[in-house]
Amino acid sequence: MPDGFAIAALNHAMRTRIQQCINDAADVQQSGQFDIVTRPPDQIGAANPARPTLTIYPWRLTPNTSWMSSRTAAYAASGERRDSALLALDILYVLAVYGQDSSAGDAPFGLALIGLHETPVLTRDRLRAMAAANFPNGSPLPQALRDLAEQPAPITVEPLFQEMEEFSQIWSTFNSGVRTGMFYRVGTLLMESPRRAASAPPVRESRHSVSLLRGPVLQRVLIAGTAAGPFAERAIAWPGDVVRLEGSGLRGAITALAVGAVLVPADPARLRSDRMEITLPADLRPGLVSLQVRQDLPKPPGTLPPPAAGTVAGERSNLLPLAIRPVLRPADSFTIRNRQVTPQGAVGFDVTAHFDVAVGSHQRCELMLNATAAGPDGRFAAFAFSAPQPAPGVPEASVDQRLIPIRGVPQGSYLARVVIDGAESALTEDAGGITGPILAVPA
């Protein structure tokens, strides 16, 4: 595949092909003496060459997205080189003639136009023949021309039609007066770095196995405090609860339940194809999580060392949502400090919520307060406050308490609930109704 010398090789090929077209059509007495160069039109115009000069100049490069999308990125996110990214270009050339006598270059210019019109492809044979010509020692052009000949995309020479306004704008960008000329699109030129990705070591042994696909599907989630039940269908569970999942294809070779980011292995004694029971970890963080059955496969054994170890990722079920309750400390769930009174008379203080099961320092934490007694207007006041988030750059950590600033809450007793990422802590109750937890707001 062509590398960074491809553009220089293509410029050489275009000059050589134009020279061949003119030589094949007429002898020097008919065409006259002339030069073929690859220079910007403004430079040639300023030089005012003594004899006619044809310039075939690449004035614009445009990416060919169809070819470029056929390769992946050169580097992985880790920085490891994994492929040679393909740079695909269509090159726009201008063919123009210059000379002190405006008509002296008409003959070679016209012969060049006919030649490119009749042979609109730089064939592999022509490129190989150009590579076999004499070059200075150490020149990269012979190999670059051979690379052009071997690239998978053909190199075509296509004349372009330009409207008068666009034609004038192009010549204006050249900082040159308008000349008789023709524009061509030449491509597609494929380029890649000669640097290669490191290859993997040879395979010493092929290890494979055949497994039956089960297509695990979750249909229903039931929750109970213990394995003895009773199980009920609800959307929230406590850490340590028993989760019963019902569905189909649940029993695999190596089965586990993903509870959010926590993977809980399945007990074979509590696993069937249509049902599985999992005890949630007692230290499971609160919040909204997803449940998914994951079935992995043991790595196939082999005859060569080392022995097979680990698993191969297998099938995954659909996802079902579940909320995990925050668990407050039974005694002194809340403590109050830093009481302040604003000039307007509003009372403010900080409430610290204490947890039995750790929460994340970056999890969204809210405190919900509901008055236990009606106010003068007969309504039960309700308030919601949010804990401040850590400063940017502070790493996530497991904590057993969160601080929530409270402002403008009247004195009295309030039922208090903590909401962690959308999951609420439980209220306590007895035969007489809800009893707590209670937060006493001072005067």
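A compact table of results
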quantity: Meets criteria (in contact (Cβ under 8 Å) with a residue 24 or more places away in the chain, open to solvent by less than 20 Å² (accessible area, probe 1.4 Å) and more than 39 Å from the chain's Cα centre (by Cα)) for L122; calculated: no
quantity: Answer residue from the range 4-21, given it is surrounded by fewer than 17 Cβ atoms within 10 Å (Cβ to Cβ) and in contact with a helix residue (DSSP H, G or I) (Cβ under 8 Å, 6 or more places away or on another chain) and is nearest to D90 (Cα to Cα) among those; calculated: A8
quantity: Residue list for the range 302-358, filter: within 19 Å of V418 (Cα to Cα) and in a loop (DSSP other than H, G, I, E, B); calculated: R325, P326, V327, R329, P330, A331, D332, S333
quantity: Scan of the range 77-109 for residues that are open to solvent by less than 30 Å² (accessible area, probe 1.4 Å), in a loop (DSSP other than H, G, I, E, B) and in contact with an Asp or Glu (Cβ under 9 Å, 6 or more places away or on another chain), ordered by number; calculated: S84, L86
quantity: Residue selected from the range 164-186 under the condition at pLDDT 85 or above and either farther than 19 Å from L54 by Cβ or not charged (D, E, K, R) (or both), by the criterion nearest to the chain's Cα centre (by Cα); calculated: V186
quantity: Within the range 136-163, tally of residues that are under 37 Å from the mean Cα position of the chain (by Cα), part of a loop (DSSP other than H, G, I, E, B) and closer than 18 Å to L61 by Cα; calculated: 2
quantity: Odd one out for T226, checked against (1) assigned to a strand (DSSP E or B); (2) open to solvent by 70 Å² or more (accessible area, probe 1.4 Å); (3) under 30 Å from S398 (Cα atoms); calculated: (1)
quantity: Filter result for A129 (within 32 Å of the chain's Cα centre (by Cα) and either surrounded by 11 or more Cβ atoms within 10 Å (Cβ to Cβ) or assigned to a loop (DSSP other than H, G, I, E, B) (or both)); calculated: no
quantity: Positions within the range 18-36 being in contact (Cβ under 8 Å) with a residue 24 or more places away in the chain and farther than 19 Å from Y98 by Cα, in sequence order; calculated: Q20, D24, A25, A26
quantity: Lone unmet requirement of (1) surrounded by fewer than 17 Cβ atoms within 10 Å (Cβ to Cβ); (2) aliphatic (A, V, I, L, M); (3) closer than 15 Å to I420 by Cα; (4) touching a residue at least 60 places away in the same chain (Cβ under 8 Å) for M368; calculated: (4)
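The values are calculated or read from the model by the stated rules, or taken from the named source; none is laboratory data. All figures in this text were calculated on a predicted structure; none of them were measured in a lab. Here Cβ is always computed from backbone atoms with ideal geometry, including for glycine, and neighbour counts include all displayed protein chains. Just the protein is used for accessible areas: all its heavy atoms, side chains included, with ligands, DNA and RNA removed. Shrake-Rupley method; radii C 1.70, N 1.55, O 1.52, S 1.80 Å.
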